[in-house]
Amino acid sequence: MAMIEVENLTKKYRDRVAIDALTFQIKEGEIVGFLGPNGAGKSTTMKILTGFMPATSGKARVAGFDIFEKPLEAKRRIGYLPETPPLYPELTVRGYLHFVAELKGVPRGKVKSEIDRVAGGTGILPELGRLTGVLSKGYRQRVGIAQAMLGNPALLILDEPTEGLDPRQRKEVLELVKSLAGEHTVVLSTHILSEVKAICRQVLIIHRGKIVADDSMAAITGGKETGLEDKFIQLTAE
Amino acid sequence: MRTIFAIFKKELTSHLTTLWAWVVFTVMALLSSAFFVLLLGGFKQAQDIAREVPGGWSALPAEAQQFRNLTDGVMISLWGTILVVTLFVAPFLSMRLFAEERRNKTFELLMTTPIRPIEIVLGKYLGAVGLIVCTLGVTIVFPIILSIIGSSESGSALEWRTVLLGYFGLLLWGATNMAIGMFISSLTESQMVAAFVSFAVALLWMLVSSVAPRAEEPLRSVLNYLAFDSQLQNLIKGVLDLKPIVFFTSVIAFFVLLTHRSIEAQRWT
């Protein structure tokens, strides 16, 4: 079954076309790398898929629910990490996760165990009592991912989850994302190709608002070590 | 309901753990105590004069008659003053409501969780009302002090019904200010701009009653109707009046709905 179905999705900001008639599908349980140069339309696509922003035209369905017609049903199935982790600096990590769990409608009796589950999964259990405002960048990112995992949504949309992290934190976050495969469908946006190579099986490359590649990792690299880089540079050239 | 309550709770925690709210509470406490002391001084002066003048109260002019008891002489004037103080401090509480969500990028979180925008707005507004109730809550100590240390021939020092109706008018006015401030906060990312514009709007509203007498009919009646001080006049004096309750509730509902439209509309740009 397709977790995400996108048809002719277009978004215009006044006279600028951000994404232009995107059409693609993502199957359940996949980890998909969503690639493209800066400003290609990755974040715009993600904002539309998560229901933050409406499209100018076209259709998008998440787990079979149209994001424009049945936004609440679709949003129930999505965990989203925006480009900047959406934290309230004056709340503790636990207080923050509690708040998000309530917004997501996690049953009252399960909130505590759910917080422990996602905090355990992202390695932030020792930080639960700290204010989110004083956390290091790596921990802020993890709290952002923990927040997305609350309520165990079928689809996780992560917008540049490794941005601004040091190499060790990067590796840890990637391993975390990889461990989510199977149970969750993950869409991961980034412009760091080595990360994608390490964990994704499907690759979508977007350039100037258009899909320029949509294939399995093996088909895109052609088995070569530098295959993904070559393809990326070739496809996103002028 | 649960989500509205969750946002309400978060709003109160967020504000009460930052410095701003406490600064506002302190300013309210300082200003209102200063006015309280001044009014009390005036009251004492009037009482002393009444005791010395032959003929007592009946010999004094009509405008001095309000000083015959604490309710009219002190409390009603105090509520009238706090009304204006509220207008000055409310923008500093309402400015953060949406502007801060924008700045923290948490607005995206709110809009992508499975809740309706109206739940966000209602939760926020309830939080805002909670804050203004805390701010005005400080001032309830004044009638309590008066009822403990004051005395009168009729037994109780204060007419509590009058005092509480006036207090209700004050809360209604505070809640109205927060609704307007919330709408303005939803339009901008900058807290300072939000506070400044809310303040300007409140100031203009304050001017309406002074412009009204100079206007021609039918404009004059319209302005008189819109002026908040004339709307609140009766409630502050302790007369139960439905007109201001309907008026301010409508203003609140209007701005809550406007906020809802505003956050919906921003997703389209």
Among the listed residues B:Thr86, B:Thr26, B:Thr13, identify the single one that is more than 14 Å from every other protein chain (Cβ to nearest Cβ), under 24 Å from B:Ala194 (Cα atoms) and surrounded by fewer than 20 Cβ atoms within 10 Å (Cβ to Cβ).
B:Thr26
For segment A:73-94, how many residues are more than 7 Å from chain B (Cβ to nearest Cβ) and assigned to a helix (DSSP H, G or I)?
4
Any residue that is part of a loop (DSSP other than H, G, I, E, B) and farther than 21 Å from B:Thr81 by Cα - is there at least one of those in segment B:171-185?
no
Of those in segment A:92-123 that are closer than 19 Å to B:Arg2 by Cα and aliphatic (A, V, I, L, M), the residue surrounded by the fewest Cβ atoms within 10 Å (Cβ to Cβ) is A:Val111
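Has segment B:234-257 got any residue that is touching a Lys or Arg at 6+ places or on another chain (Cβ under 6 Å) and either surrounded by fewer than 21 Cβ atoms within 10 Å (Cβ to Cβ) or modelled with pLDDT under 95 (or both)?
No.
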Restricting segment A:35-50 to residues that are modelled with pLDDT of 90 or more and closer than 21 Å to A:Met217 by Cβ, which is farthest from the other protein chains (Cβ to nearest Cβ)?
A:Thr45
Considering only residues that are surrounded by 14 or more Cβ atoms within 10 Å (Cβ to Cβ) and either touching a residue at least 60 places away in the same chain (Cβ under 8 Å) or not in a helix (DSSP H, G or I) (or both), which ones fall in segment A:153-171?
A:Pro153, A:Ala154, A:Leu155, A:Leu156, A:Ile157, A:Leu158, A:Asp159, A:Glu160, A:Pro161, A:Thr162, A:Glu163, A:Leu165
Lone qualifier among B:Ala200, B:Ala157, B:Ala99 - being surrounded by 22 or more Cβ atoms within 10 Å (Cβ to Cβ), of a type in the set (A, V, I, L, M) and more than 30 Å from A:Glu69 (Cβ to Cβ)
B:Ala99
Kindly check whether there is at least one residue in segment A:15-25 that is within 18 Å of the chain's Cα centre (by Cα), surrounded by 21 or more Cβ atoms within 10 Å (Cβ to Cβ) and over 17 Å from A:Asp214 (Cβ atoms).
no
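Table: residues versus (1) in a helix (DSSP H, G or I); (2) free of Cβ contacts under 8 Å to residues at least 60 places away in the same chain; (3) closer than 26 Å to B:Leu97 by Cα.
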position: B:Arg220; (1), (2), (3): yes, yes, no
position: B:Gln231; (1), (2), (3): yes, yes, no
position: B:Val239; (1), (2), (3): no, no, no
position: B:Lys243; (1), (2), (3): yes, yes, no
position: B:Phe247; (1), (2), (3): yes, yes, yes
position: B:Val256; (1), (2), (3): yes, no, yes
position: B:Arg261; (1), (2), (3): yes, yes, yes
Test: residue in segment B:23-31 that is of a type outside the set (D, E, K, R) and over 28 Å from the mean Cα position of the chain (by Cα):
no
B:Ala157, sole failed condition from (1) part of a helix (DSSP H, G or I); (2) modelled with pLDDT under 90; (3) of a type outside the set (Asp, Glu)
(1)
Just one of the numbered conditions (1) more than 9 Å from every other protein chain (Cβ to nearest Cβ); (2) surrounded by 21 or more Cβ atoms within 10 Å (Cβ to Cβ); (3) of a type outside the set (Ser, Thr, Tyr) is not true of A:Lys70; which one?
(2)
Quick one: is A:Glu7 out of contact with any helix residue (DSSP H, G or I) (no Cβ under 7 Å at 6 or more places or on another chain), within 24 Å of A:Met217 (Cα to Cα) and modelled with pLDDT of 90 or more?
yes
Pairs please, first residue from segment B:109-120 and within 7 Å of chain A (Cβ to nearest Cβ), second anywhere and of a type in the set (A, V, I, L, M, F, W, C), Cβ atoms under 6 Å, 6+ apart in sequence or on different chains.
B:Met111/A:Phe52; B:Thr112/A:Phe52; B:Thr113/A:Leu103; B:Pro114/A:Leu72; B:Ile115/A:Leu103
Any residue that is touching a Leu at 6+ places or on another chain (Cβ under 6 Å), surrounded by fewer than 22 Cβ atoms within 10 Å (Cβ to Cβ), in a helix (DSSP H, G or I) and at pLDDT below 90 - is there at least one of those in segment A:125-148?
yes
Hey, could you check segment A:51-64 for residues that are touching a Lys or Arg at 6+ places or on another chain (Cβ under 8 Å) and surrounded by fewer than 17 Cβ atoms within 10 Å (Cβ to Cβ) and say which is farthest from the other protein chains (Cβ to nearest Cβ)?
A:Thr56
Note: among A:Thr50, A:Thr56, just one is assigned by TED's automatic domain parsing to the domain that holds A:Glu195, hydroxyl-bearing (Ser, Thr, Tyr) and closer than 30 Å to A:Val111 by Cα, namely A:Thr50
Criterion violated by A:Tyr13 - all others in (1) hydroxyl-bearing (Ser, Thr, Tyr); (2) at pLDDT 90 or above; (3) assigned by TED's automatic domain parsing to the domain that holds A:Ala218 satisfied:
(2)
Note on segment B:66-83: residues surrounded by fewer than 23 Cβ atoms within 10 Å (Cβ to Cβ) and assigned to a helix (DSSP H, G or I) are B:Gln66, B:Phe67, B:Arg68, B:Asp72, B:Gly73, B:Ile76, B:Ser77, B:Gly80, B:Thr81, B:Leu83
With within 14 Å of chain A (Cβ to nearest Cβ) and either crowded, with 18+ Cβ neighbours inside 10 Å or closer than 21 Å to B:Glu100 by Cβ (or both) as the only criterion, which of B:Phe8, B:Phe43 stands out?
B:Phe8
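The values are calculated or read from the model by the stated rules, or taken from the named source; none is laboratory data. Remember, predicted model here, so these are calculated numbers, not experimental data. Cβ coordinates were reconstructed from backbone atoms using ideal geometry, including for glycine residues, and neighbour counts include every protein chain displayed.
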